[in-house]
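Right, one structure below, let's go through it.
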Amino acid sequence: MPTAIIADDERLMRDQLRLRLSEAWPELEILGEAKNGEEAVELVDQLKPDLTFLDIRMPGKTGMEAARDIGDRSQIVFVTAYDQYAVEAFERGAVDYVLKPTEPERLKVTVDRLKQRLERPGEKVNDSVQQMLSQLAEKIAAPKQKHLQWIQASIGQDLRMIPVEDILFFRSDEKYTCVQTASFEALIRKPVRDLAEELDPSLFWQIHRATLVNVNAIEGVTRDIRGRHLVLVKGRPEKLEVSRSFLHLFKQM
């Protein structure tokens, strides 16, 4: 029976990949999960899995660094959410990949390739891993993009990857942050204060300690009978209150 471990710092991503693998490859036994590269290397040492699914970027030791340490002790499958140049490079055949969010059709291709490789145990399928990592390290290990490009959010049991430009506004309460798009609402646990540091400030304005609004979604600003300034959102009934400390954003409106 083939065995594997999954390494990803996002629990939802680990859960999703585990589920997709169980559907595409029921015989595969997942021996354990890791939240970072250090844990992944330790699990490979302890459990000796046939396969290691490694997220490229994780806190501490990255997937790239963990792959170097693992070497040919386990076959590496990278999990990536990054640009097409990286995906094309992985498709050269030395190292396979799974693109986030995991798509069943693409995962089936990966599973078929891995099954073929496991049927030929005499081949050192990771012989070219080090060369591939050296070629890609500079590009893929480059600094993270300055601003978030998408948000991971839960809708019931499903994980959605929402492009930030599709989000109209974020609004937090004590426990969750509502992510509102034109067609649906989702919830995340990240507070507005953290989102404000990670989102492009030219696209999202913080108008209240608990509210961020997409500039392109602002229809106008009005005042209620109490003198409060309220942002009108295109296509939505909500009126978002503007704190006094953020009124300067609307001086020219």
Margin query: How large a share of the accessible area of region 1-83, in percent, is made up of carbon and sulfur atoms when the probe is 1.4 Å and the other protein chains stay in place?
Written below: 46 percent
Note to self: Whole-Hz ³J(HN,Hα) for each residue in region 236-242, computed from phi via Karplus 6.51 cos²θ - 1.76 cosθ + 1.60 with θ = phi - 60°, x for glycine and proline: what do you get?
What the structure shows: 10, x, 5, 10, 9, 6, 9
Next item on the list: With a 1.4 Å probe and every protein chain left in place, work out the accessible area per residue of region 200-253 in Å², rounded to a whole number.
Entry: 65 Å²
Item checked: FRET efficiency estimate (nearest 0.05) - Cβ-Cβ, residue 175 to residue 19, R0 35 angstrom -> 0.85
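On a 1.4 Å probe surface of the protein chains, which of 251, 35 comes out largest in accessible area, and what is the full order? Present the calculation step by step, with values, prior to reporting the outcome.
On the way: 251 165, 35 105 Å².
Correct descending sequence by accessible area is 251, 35.
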Next item on the list: Using the structure shown, list the pairs from 190/251; 61/190; 100/146; 100/175; 146/251 with a Cα-Cα distance above 25 Å, or answer none.
Entry: 190/251; 100/175; 146/251
Next item on the list: For residue 241, put the label point 7 Å out on the Cα→Cβ axis and report which residues of region 178-218 keep their amide N under 12 Å from it.
Entry: 208-211
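The values are calculated or read from the model by the stated rules, or taken from the named source; none is laboratory data. Keep in mind that what you see is a predicted model, and the values were worked out from it rather than measured. Using ideal geometry, Cβ is built from the backbone for each residue, glycine included, and neighbour counts are taken over all protein chains shown. Note: areas computed on protein heavy atoms with side chains; ligands, DNA, RNA excluded. Shrake-Rupley method; radii C 1.70, N 1.55, O 1.52, S 1.80 Å.
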